[in-house]
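These notes concern the structure reproduced below.
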Amino acid sequence: MSRPRRVAVTSPQTRLALAGRRSGAAVAHPHLAPADAERARRIHRRQLRYAVVVLALLATLLFGLPLLLAAAPVLDQSRFLGVPVSWLAVAVLPYPVLALLARWQLRRAERVEQMGRSGREDV
């Protein structure tokens, strides 16, 4: 008894995206009208710009926090509820900031997409 042959199943969009990645050329989306494809590219570029801003803020947080702690050793001496402030800064502070950055980015990306759908360019 032979085993059935395994077959990878992907959508046509996935195949198009992978083909574009391999060749390095931009892949036209045949299912979009030229005006819609251009609008999708504008939306994508704007969302990408916003994402770069959020990544820069994230890098500032993640690289700036250790620099701040190294520059201010007094934070090791200061305590809040018996725990050094420097520990709290590393263990507690980043997570709410990360959640706020993620929420901010999501709202901005959704707003850009919504404005792009309605045809408004004032985002």
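The values are calculated or read from the model by the stated rules, or taken from the named source; none is laboratory data. Nothing here was measured: the structure is a model prediction, and the numbers come from that model. Cβ: placed from backbone, ideal geometry, glycine included. Neighbour counts: every protein chain shown.
Miscellaneous remarks
- Identity of the residue in the stretch 108-123, loosely packed, with under 15 Cβ neighbours inside 10 Å and either farther than 17 Å from V53 by Cβ or touching a Phe, Trp or Tyr at 6+ places or on another chain (Cβ under 8 Å) (or both), that ends up modelled with the lowest pLDDT: D122
- Whenever a residue of the stretch 84-96 is closer than 17 Å to F63 by Cβ, its partners that are of a type in the set (D, E, K, R) and loosely packed, with under 13 Cβ neighbours inside 10 Å, lying with C-beta atoms within less than 7 angstrom and at least six residues away or across chains, give the pairs S86/D76.
- Restricting the stretch 92-101 to residues that are touching a helix residue (DSSP H, G or I) at 6+ places or on another chain (Cβ under 8 Å), assigned to a helix (DSSP H, G or I) and among the aliphatic types (A, V, I, L, M) leaves a set whose member that is nearest to V54 (Cα to Cα) is L101.
- Which numbered condition Q105 fails, given (1) free of Cβ contacts under 8 Å to residues at least 40 places away in the same chain; (2) surrounded by 13 or more Cβ atoms within 10 Å (Cβ to Cβ): (1)
- Total residues in the stretch 7-55 satisfying the condition of being among the hydrophobic types (A, V, I, L, M, F, W, C), modelled with pLDDT under 80 and over 17 Å from G116 (Cα atoms): the figure is 11.
- Boolean, V85 is modelled with pLDDT of 90 or more and either of a type in the set (D, E, K, R) or more than 30 Å from A35 (Cα to Cα) (or both): no
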